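The values are calculated or read from the model by the stated rules, or taken from the named source; none is laboratory data. Since the model is a prediction, treat every value here as computed from it, not as a measurement. Here the Cβ is made from the backbone with ideal geometry for all residues, glycine too, and neighbour counts use every protein chain on show.
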Amino acid sequence: MAIPGFEPTSMSLVAELIGTAVFAASGASAAVGKRLDLFGVVVIGTLCALGGGAVRDILIDAKPLVLTDWRYPLVAVLASLVVFRFHPALSRMRPTMLVLDAAGLALFTVVGTLKGLDYGFAVYAACIVGVLSGIGGGILRDVLVQEIPAVLREDFYAMAAVIGAIIVAVGARWESQIGHWTLMMIAIATIFVVRMVAIRYRWQAPKPNI
Amino acid sequence: MAIPGFEPTSMSLVAELIGTAVFAASGASAAVGKRLDLFGVVVIGTLCALGGGAVRDILIDAKPLVLTDWRYPLVAVLASLVVFRFHPALSRMRPTMLVLDAAGLALFTVVGTLKGLDYGFAVYAACIVGVLSGIGGGILRDVLVQEIPAVLREDFYAMAAVIGAIIVAVGARWESQIGHWTLMMIAIATIFVVRMVAIRYRWQAPKPNI
Amino acid sequence: MAIPGFEPTSMSLVAELIGTAVFAASGASAAVGKRLDLFGVVVIGTLCALGGGAVRDILIDAKPLVLTDWRYPLVAVLASLVVFRFHPALSRMRPTMLVLDAAGLALFTVVGTLKGLDYGFAVYAACIVGVLSGIGGGILRDVLVQEIPAVLREDFYAMAAVIGAIIVAVGARWESQIGHWTLMMIAIATIFVVRMVAIRYRWQAPKPNI
């Protein structure tokens, strides 16, 4: 993604690394809950953090970011180790984790959607790629620890990502007027707020009537 | 796939879209059975419909069809929504669903095998690609809803696909004599009939003696 | 991988085919244990044998080996059939299977790491690719038969692969002094010995304190 100027780039990098750490922590927590050992915790944490981006890069035929920038796997492994060591303290931070996870979802979805557009895919395709970036890692985590993926049960998780992806993919047509960063911030904030409000008010998506 | 002439192309497209709808309905039904909510039903339906093709395109290094033709995801989402809304009526249609699923398996396997050949892979490799196209979506569906994939338990599901893939991949050598559409129809009909007969007479594949 | 000279190449090929057979047998055994039928046993055996390499090739954007060399799927299918037919005899061979599985892990990890380097990836990235080659098939097997992947629970399985991958990826810088085959042998032997010792002395990785 060609982003001019130094500061925005490092801002984007920092944001993505935070998202990576948060998703690694969420994977590692799930692995601790299943009583896996040190390696299991690190592997699941890392896959959860990097899996969504890997799926994205494979679909758009980009070089997987995890294989070209060592900072992503490093951060993922470190975050997993921190959870392994300090998880009882961390589990008291569950509300904090939910907030960070929502931030990670927002960041990964928006960055993924923009990468899809950059690779020349149509608006709808970029949205699919972006949403998969955001939710892919968590799906991988849940499949590995033998749970039905939370994203399929938790209301307004995937939906928040879908809304944000549409905002950024459609808005990109007027990017020159809106500005790259304004657009990103609007989409990230929307996903984050929808997700937070959905948690706070326990929004329920409709269930099938059986 | 370069298919000359308008009518066959649109016939092929219609056939593939029907296959997509049928597989989406089968995924959505499984999700409804697990009491997932609206989003879960749509996500699993869509993955079931498009997952096999995505695996195929990733293996042969083609642009994923789902990202280049919006009709596939649209049909998948719509079919999932229909199941979500009308599933009690649909569940009374289970025999119909089995027939449609066999048709979807036949279509996806044959189209996938031909695409493998078009991308220059050997006969055996095109068969692998074709079979994975046919059964990949169902495997994904079952992994996500935490079942051992039906294709591994249900007799003569994968085997019907294997037979059809071999017919089309081997027959392609004499395509100029047989004709593209005749060959496709023979292979599709074979998969469909084998699958139907296997269901009707409850053909059992051998089990390991323990 | 351009390996000059006939003998080493065929040695490498034989080694890889043995690894393929062993992993197929391990997948087929798991499937027999779940009472799957003939096709289920063959499919899981084959995916277990070829899945790790496929993940590797997709990540580094190589043509999947399974689609370009028919010997790999052939060996995988044959090994699965042998297990299906003779598994009661094989189950008495469990210690032998553990030894062969350790050999397969060692081979696949080292070959995968070297392939990653050959495709121009950094040392750390080649290690990730190599470890995924070694453990990917087993993860796929366990996900399909609905178990939490053994590699996440069994101590010093993934870790043995990580150690060997690091040896070969770092050592490759001095390959001209050490020699290609010496380096491979050292790394393969290390993984194998670590794994064997870990089994023998029941090494335990630390568990999270809950």
Practice task
Identify all residues within the stretch A:25-69 that are within 9 Å of chain C (Cβ to nearest Cβ), small (Gly, Ala, Ser) and more than 20 Å from C:Lys207 (Cα to Cα); write none if there are none.
Solution key: A:Ala54
Problem - Residue match in the stretch C:179-199 (condition: of a type in the set (A, V, I, L, M, F, W, C), at pLDDT below 90 and under 18 Å from C:Gly138 (Cβ atoms)) - result: yes
Handout entry: Residues of the stretch B:156-197 classified as basic (Lys, Arg) and in contact with a Gly (Cβ under 6 Å, 6 or more places away or on another chain), total
Key = 0
Problem - Those residues of the stretch C:90-126 which are within 12 Å of another protein chain (Cβ to nearest Cβ) and either in contact with a Pro (Cβ under 8 Å, 6 or more places away or on another chain) or modelled with pLDDT under 90 (or both), in sequence order - result: C:Leu90, C:Ser91, C:Tyr124
Handout entry: Residue check for B:Arg85: facing another protein chain (nearest Cβ under 9 Å) and closer than 23 Å to B:Val145 by Cβ
Key = yes
Problem - Flag for B:Ile167 being within 14 Å of chain C (Cβ to nearest Cβ), part of a helix (DSSP H, G or I) and not hydroxyl-bearing (Ser, Thr, Tyr) - result: no
Problem - Residue list for the stretch C:152-163, restricted to those being surrounded by fewer than 24 Cβ atoms within 10 Å (Cβ to Cβ) and either of a type in the set (Val, Ile, Thr) or in contact (Cβ under 8 Å) with a residue 40 or more places away in the chain (or both) - result: C:Asp155, C:Phe156, C:Met159, C:Val162, C:Ile163
Handout entry: Any hit, the stretch A:52-61, residues being under 20 Å from C:Ala122 (Cα atoms) and over 18 Å from the mean Cα position of the chain (by Cα)
Key = yes
Exercise for the section: Pull up the stretch C:145-159, narrow it to residues that are assigned to a helix (DSSP H, G or I) and touching a Leu at 6+ places or on another chain (Cβ under 7 Å), then point me to the one that is nearest to A:Val42 (Cα to Cα). Expected result: C:Leu152
Exercise for the section: Spot the failing condition for C:Ala189; the list is (1) free of Cβ contacts under 8 Å to residues at least 24 places away in the same chain; (2) closer than 28 Å to C:Thr46 by Cα; (3) part of a helix (DSSP H, G or I), and only one is missed. Expected result: (1)
Problem - All positions within the stretch B:140-151 that are surrounded by fewer than 24 Cβ atoms within 10 Å (Cβ to Cβ), touching a Gly at 6+ places or on another chain (Cβ under 9 Å) and at pLDDT 85 or above - result: B:Leu140, B:Val145
Exercise for the section: Return yes when B:Ser133 is more than 9 Å from every other protein chain (Cβ to nearest Cβ), of a type in the set (Ser, Thr, Tyr) and free of Cβ contacts under 8 Å to residues at least 12 places away in the same chain and no when it is not. Expected result: no
Practice task
Within the stretch C:112-130, work out how many residues are surrounded by fewer than 24 Cβ atoms within 10 Å (Cβ to Cβ), in contact (Cβ under 8 Å) with a residue 60 or more places away in the chain and among the hydrophobic types (A, V, I, L, M, F, W, C).
Solution key: 1
Practice task
Assess whether B:Arg173 counts as being out of contact with any helix residue (DSSP H, G or I) (no Cβ under 6 Å at 6 or more places or on another chain), in a helix (DSSP H, G or I) and closer than 25 Å to B:Leu59 by Cα.
Solution key: yes
Completion exercise
Just one listed residue, out of B:Gly33, B:Gly45, B:Gly40, is more than 26 Å from B:Tyr119 (Cα to Cα), more than 18 Å from the chain's Cα centre (by Cα) and either surrounded by fewer than 24 Cβ atoms within 10 Å (Cβ to Cβ) or at pLDDT 90 or above (or both), and it is B:Gly33
